[in-house]
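*Asks:* Quick one: structure below, then a few questions.
Throughout, read-outs are computed from the coordinates displayed, never taken from laboratory work. These numbers were taken from a predicted model, which means no experiment stands behind them. Ideal geometry is used to build each Cβ from the backbone, glycine not excepted, and the neighbour counts take in all protein chains shown.
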Amino acid sequence: MKKLSIFIFLGLFVMKITAQQKSENELQNNDTNELKYIGMPVGGICAGQVYLGGDGQLWYWDIFNVSMLNPGSEGGHRYYENPLTQEKKFENGFGLTIRQGDRVLVRPLNSTGFSDVQFEGEYPIGKVSYNDDRLPISANLKAYTPFIPTDAKNSGLPVTILEYTVTNKDDEDVSIELSGWLQNMSSFLSAEGHEGKHTNKVVSTEEYTRLVCESDDKFKDKLPDWGSMSLTLVGKGKALAESKDSKGLRIFSADGNKKKASTNLGNKLVGSVSGSTVLKPGESKTFTFHLSWYFPNINLWNGGHHWKNKENLRHYYTTYFNNSNEVSDYLLKNNNLLEATKTWNRTWYNSSLPKWFLDRTFVNVSTLATTASVRFNDLTDAPESEGRFYTYEGVYLGEGTCTHVFHYEQAMGRVFPNLSRQLREQTDLGLSFTNNGIIKYRGEFSGLGRHDGRGFAIDGHAGTVMRIYREHLMSRDKVFLKKNWNKIKKTIQVMINQDKEKTGYADGILEGKQYNTLDRTWYGKITWISGLYAASLKAGAEMAKEMGDLKFSRVCAKIAKKSYKNISKELFNGEYFIQKTDPEHPEAPNTNIGCHTDQLLGQYWTTQTGLGDILPKEMVKKSLQSIMKYNFTENYGDYLKNADIPVKRFYADKDEQGIIMCTFPKGGTDKAPGVIKNEWEKLVIGYFSEVWTGQEHQLAATLISEGFVEEALKVERAVHDRYAPSKRNPYNEIEYGNHYTRAMSGYAPFVSASGFTYHGPNGIIGFDPKINPNNFKSAFIVAEGWGSFSQKQDQEKQMCELQLNYGNLKLSQLNLVVVNKETPSTVEVLLNKKKVKTTYSIKNNQLKIKFDFIELKETDLFEVIIK
């Protein structure tokens, strides 16, 4: 019998589950329903996809450049309704041999080997515990890959680290052997019709014991899955090039001396590596394994789309490594990468925010460690292409790094800002950029786009301007902005020109052709698109000012003010912002007078980037309340029973909660669909009644920023519950395909919760905690480092601390909110307990503390005492 263990935190469960068995005498192969869906990505970003299962087994190995699943068709929801479950594509695993006196026990380290298996996911580290009252030992696993915010290179290694700690619970000595085994997969999946050999060999030194799995070099440029894998035990141990099952169980013991083995291509060849020790009562030992891989031939991958220069592309990790051995060698020489990963894990979870909230707002960063994300080594060494980043919309689905999907994300831009700047330069302002300033919305697609003939998705275009501004803010200096300003200015001017098309002057509301993420070309006055336009104007005004282009700055600011006035006047119905259809284009869809979840998408972006309001505050607040009133459903099935617009895709079950994209409390469904000509357009209009996590996250972020914390947590909680591990994989938020990139907006509610603002080039950082500001702590990430911010308030003083845990932070100004005082009597600033000379000003509780530029380094503590 198995059970779900629920751990309560602020009344909400943690992502932790238990599989239990009753058998006292023998191993069981029972179906562990509470564990089978879990798949935490534990490989490097853009290095393929490997899942850590709920019982610690590695599964869904998508590292071989051979597509491992059928992603589905236009529906894209198939894996929501039928989630992937743990499966075994080839032999790999770990197990224990336990000896105590004459007693010998063999146990696989999974749910069949132990009666009590618990999983706790803290991305990027998956933690699994193994206990069994029948055994004298317990074991704990930490599985992860190096993951260090701001360091994309060292977070992109093709390796999974497995640290097994075994503890003697008995009062007598116990001898243990911990074995790992691995099948040679080099050229295995493509073996049919080819003659050659799989070869395993053992390499042992004082520093490590390693199994190396390879195939003939003649396949180097011919087969997609040619390459190598290595299983390395840190320290001395034993290894066998070819191993056999132990006692009929999948424990491949390393007892023996076979140092090299080979077999014909396509035949199974399994090798193993083992470490052993004798544990005294209460003693523990940790065995650390590196499971590394090297499969360079992404150019031969059948899952690739229209990649530019595809024949010359290899995986980015081939820039630094020539085989899987070198990956492990690199880790052995740079053990600090493992410690930095653990430091980040502690930094993130040492927080006053609810654990489930920390889980949910960070899990979608793992999308970068799936095959939805790819990075290239271009063998031609073209500077505009080398290290190029690419995403599908979801795994294998949706061509190009799609602007109208990907612009919702905050995870990559905040966690790996250097990689995001590179994406802006190489793709959006590079291969996607046209001379007239249009950013084509599918960067890798060879043509201008299929839907409207111009390749111009207006929402993605405006959202990309906002990402450009964010990337500037998340930079140490102004180099990125200066280098790209002329192109940036052109991209903004494109929208201004469209604003002028109908009337000859810009009034802040876009009209005309507006192709967007809802996969049709809309016409009319559309709040959510014009709001994005207004946000990009505000960003443009700021960037132009920093560039000394005061004329363009004034132009942008002037139109943004008109947008503020005209959207409010024309498109607010007293409860929420609407869209107006264009009578000249009755064929075009448009959510009309419906309550659209994305109506404040521009406001989402300006609050995330510290640009303030693009619409009147009272209207923003009223609209958010209306979205919660009309679009939040307690029971999706009940909503669909009466919905005028049916759906064909389901991203919520009938009994689940969520936010409907657009509801029609005042009617309007007669005009909203426009003219539907085919099945595709029928599917597209069905979007209006769908539930998308990417939209829910951005809504929750805006709710928090505007003070609606309870409502925001309700939205986030609905997402978290839909992806409870008893239902489906908590690490795979699905829209059009698995690991949908829009869901990387999930990091945004975290940004809002801390009220984080940052301007790297100017050295300005700010915090305005929205959840329990009297006793708050959370992580922060800046251009070149990260750490923790904490704030405590008592009757006498407010204490704020910035602790830098990694990298550096250039600082000249700290912005805070005074919690319980209108005017403080003193503000004292300390750096490592030494006073810093400052000036400060306060207005409406907003405290700005200024000082000469300082450079915070790792372990530095910056304190502010407000009395």
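*Asks:* Could you please report the charge total around PRO281, scoring K, R as +1 and D, E as -1 over all other residues with beta-carbon less than 10 angstrom from its beta-carbon? Intermediate values should be presented prior to the final figure.
*Replies:* Values: positive: LYS169, LYS280; negative: ASP170, ASP171, GLU172, ASP173, GLU283.
Overall, the nearby charge balance is -3.
*Asks:* What number, in percent, do you get for the relative contact order of the stretch 755-866 if the mean sequence gap of Cα pairs under 8 Å and at least 6 apart is divided by its residue count?
*Replies:* On the way: 258 pairs, mean separation 30.0, N = 112.
Worked out over the stretch 755-866, it gives 27 percent.
*Asks:* For ASN775, what charge total do you get from the other residues with a beta carbon under 11 Å from its beta carbon, if Lys and Arg give +1 and Asp and Glu give -1?
*Replies:* Details: positive: LYS777, LYS792; negative: ASP794.
Counting the neighbours of ASN775, the net charge comes to +1.
*Asks:* Exactly which GluC sites (Glu not before Pro) in the stretch 239-326 are in a DSSP loop and have at most 13 other Cβ atoms within 10 Å?
*Replies:* GLU283
*Asks:* Here's a follow-up. In debye, nearest 20, what is the charge dipole magnitude of the stretch 755-866 about its Cα centre with +1 on Lys and Arg Cβ and -1 on Asp and Glu Cβ, if you could check?
*Replies:* Working: 14 positive and 12 negative charges, 39 e Å.
Here the size comes out at about 180 debye.
*Asks:* Sorting TRP181, TRP59 on the 10 Å Cβ count, fewest up front, what's the list? Kindly include the intermediate steps, with their values, before the conclusion.
*Replies:* Numbers: TRP181 25, TRP59 18.
So the ranking, lowest neighbour count to highest, is TRP59, TRP181.
*Asks:* Also, I was wondering about something else. List the GluC sites (Glu not before Pro) within the stretch 183-217 that DSSP assigns to loop and that have no more than 13 neighbouring Cβ atoms inside 10 Å.
*Replies:* Passing both the DSSP loop test and the Cβ count: GLU192, GLU195, GLU206, GLU207.
*Asks:* Decide, for the stretch 353-470, between rounded, prolate and oblate: order the square roots of the alpha carbon gyration tensor eigenvalues as a ≥ b ≥ c, take rounded if a/c falls under 1.5, and otherwise choose prolate if a/b is larger than b/c, else oblate. Intermediate results must be reported in sequence, preceding the final value.
*Replies:* Values: a/c = 1.75, a/b = 1.44, b/c = 1.22.
Judged from the Cα gyration tensor, the stretch 353-470 comes out prolate (a/c at least 1.5, a/b above b/c).
*Asks:* Among THR150, THR839, what is the fewest-to-most ranking by other Cβ atoms within 10 Å?
*Replies:* On the way: THR150 21, THR839 9.
So the residues, fewest neighbours to most, are THR839, THR150.
*Asks:* Follow-up. Could you state the angle between the C-alpha long axis of helix 617-631 and the longest principal axis of the C-alpha atoms of the chain, as a value from 0 to 90 degrees rounded to the nearest 10?
*Replies:* 50 degrees
*Asks:* Calculate the translational D of the stretch 755-866 in whole µm² s⁻¹ from Stokes-Einstein, where the hydrodynamic radius comes from the Kirkwood formula applied to all Cα pairs, the temperature is 20 °C and the viscosity 1.002 mPa s. Present the calculation step by step, with values, prior to reporting the outcome.
*Replies:* On the way: Rh = 13.9 Å.
The calculation lands on 154 µm²/s.
*Asks:* What residues from the stretch 744-783 fall in the zone where the backbone N is under 20 Å from a label point 7 Å along the Cα-to-C-beta line of SER812?
*Replies:* Once the point is set 7 Å along Cα→Cβ of SER812, 757-767, 782-783 turn out to lie under 20 Å by backbone N, inside the stretch 744-783.
*Asks:* Where in the stretch 828-862 are there trypsin sites (Lys or Arg not before Pro) that are in a DSSP coil and have at most 13 other Cβ atoms within 10 angstrom of their Cβ? Please list the in-between numbers first.
*Replies:* Numbers: sites: LYS833, LYS834, LYS835, LYS837, LYS843, LYS848, LYS850, LYS857; in loops: LYS833, LYS837.
Taking the stretch 828-862 and a limit of 13 other Cβ atoms within 10 Å, the loop trypsin sites (Lys or Arg not before Pro) found are LYS833, LYS837.
*Asks:* Mind ranking 582-588, 646-652, 606-612 by how tightly packed they are, going by the mean number of other C-beta atoms within 10 angstrom, highest first? Mind showing how you got there, number by number?
*Replies:* On the way: 582-588: 13.7, 646-652: 19.6, 606-612: 22.1.
Ranking, from highest mean packing down: 606-612, 646-652, 582-588.
*Asks:* Using only Cα atoms, tell me the angle between helix 479-500 and the longest principal axis of the chain; keep it within 0 to 90° and round to the nearest 10.
*Replies:* 50 degrees
*Asks:* Based on the Cβ-Cβ distance from GLU384 to PHE853, what FRET efficiency comes out when R0 is 30 Å, to the nearest 0.05?
*Replies:* Values: r = 34 Å, r/R0 = 1.12.
FRET efficiency, GLU384 to PHE853: 0.35.
*Asks:* Just to confirm my numbers, what's the Cα centroid distance between the stretch 343-398 and the stretch 524-553 in Å?
*Replies:* Result: 28 Å between the Cα centres.
*Asks:* Report the net charge of residues surrounding TRP786, where surrounding means a beta-carbon distance below 13 angstrom and charges are Lys +1, Arg +1, Asp -1, Glu -1.
*Replies:* On the way: positive: ARG346, ARG414, LYS857; negative: ASP151, GLU784, GLU858, ASP860.
Result for the neighbourhood of TRP786: -1.
*Asks:* Treat each spin label as a single point 7 Å out from the Cα along the C-beta direction, and report the SER67 to ASN774 distance in nm.
*Replies:* 5.7 nm
*Asks:* Same structure again: Just want the ordering: TYR740, TYR396, TYR840, TYR349, from fewest to most Cβ atoms lying within 10 Å of their own Cβ. The partial results should precede the final answer.
*Replies:* On the way: TYR740 27, TYR396 22, TYR840 18, TYR349 15.
Exposure proxy ranking, most exposed first: TYR349, TYR840, TYR396, TYR740.
*Asks:* With N denoting the number of residues in the chain, provide Rg(C-alpha) divided by 2.2 N^0.38 Å, to two decimal places.
*Replies:* Numbers: Rg = 27.7 Å, N = 867, 2.2 N^0.38 = 28.8 Å.
Ratio of Rg to 2.2 N^0.38 Å for the chain: 0.96.
*Asks:* Shape verdict for the stretch 235-354, please, from the Cα gyration tensor: rounded (a/c under 1.5), prolate (a/b greater than b/c) or oblate. Don't skip to the answer; put the middle values down first.
*Replies:* Numbers: a/c = 2.18, a/b = 1.11, b/c = 1.97.
Oblate, because a/c is 1.5 or more while a/b does not exceed b/c.
*Asks:* Between the helical axis of 336-349 and the dominant principal axis of the chain, each derived from Cα atoms, what acute angle in degrees is found, rounded to the nearest 10?
*Replies:* Computed tilt is about 50 degrees.
*Asks:* Right, here's the next one. If you average the alpha carbon positions of the stretch 264-296 and of the stretch 603-664, how far apart do those two centres end up, in angstrom?
*Replies:* 49 Å
*Asks:* How many angstrom lie between the Cα centre of the stretch 745-803 and the Cα centre of the stretch 687-705?
*Replies:* Centre-to-centre distance over Cα atoms comes out at 23 Å.
*Asks:* Take each of the peptides 228-237, 535-544, 334-343, average the number of other beta-carbon atoms within 10 Å over its residues, and list them starting from the highest. Display every interim value, and only then the final one.
*Replies:* Values: 228-237: 22.7, 535-544: 25.9, 334-343: 16.2.
Going from most to least packed, we get 535-544, 228-237, 334-343.
*Asks:* Can you give me the long-range amide H partners of GLU122? Hydrogens built in the peptide plane at 1.01 Å from N, cutoff under 5 Å, separation of 5 or more residues or another chain.
*Replies:* LYS127
*Asks:* Could you calculate the FRET efficiency of ALA557 with LEU831 from 1/(1 + (r/R0)^6), where r is the beta carbon distance between them and R0 is 41 Å, rounded to 0.05?
*Replies:* 0.65
*Asks:* Sticking with this structure for a sec: Report the Cα-based extents of the stretch 41-131 along its three principal axes, largest first, to the nearest Å.
*Replies:* 61, 25, 22
*Asks:* Treating only the Cβ of Lys, Arg, Asp and Glu as charged (+1, +1, -1, -1), what charge dipole size does the stretch 8-340 show about its Cα centre? Round to the nearest 20 debye. Show your work: numbers first, answer last.
*Replies:* Details: 35 positive and 40 negative charges, 145 e Å.
So the magnitude is around 700 debye.
*Asks:* How much mean residue ellipticity at 222 nm does the chain get from its helices, if each DSSP H run of length 4 or more adds -39500 (n - 2.57) and you divide by all residues, to the nearest 500 deg cm²/dmol? Don't skip to the answer; put the middle values down first.
*Replies:* Details: 18 runs with 203 residues, N = 867.
Using -39500 (n - 2.57) per qualifying helix, the result is -7000 deg cm²/dmol.
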